[in-house]
Amino acid sequence: MGTRQIVLDIPEKVLLAERADETTFGREMRVLAAVKLYELGRLSSGRAAELAGMPRVEFLMTLGRYRVFPFEAELRDLETAL
């Protein structure tokens, strides 16, 4: 499956505040979007890892950095089944 490119206009002041260049900030935005969409249950861990541009295991390990429990979706599914 192919990919699509999304262009975001980021104010230069934001990049200065973050002390990041466009590439570094863009990578962080991808990871943050993937983490949040996973946390909200809108993406599986596999799809979120694809969005973040990393292997699934690395993505699951990264979730702790953002204080997101890696198996939240699985717990929700179990609670619903009970």
Return a yes/no flag: does the range 28-40 have any residue that is part of a loop (DSSP other than H, G, I, E, B) and either at positive phi or among the polar types (S, T, N, Q) (or both).
no
For the range 27-49 the number of residues that are within 19 Å of THR3 (Cα to Cα) and free of Cβ contacts under 8 Å to residues at least 12 places away in the same chain is 5
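All of the numbers you see were taken from the coordinates with simple rules; none came from a lab. Note that the structure is predicted; figures quoted are calculated from it, not measured. We place every Cβ from the backbone using ideal geometry, glycine too, and count neighbours over all the protein chains shown.
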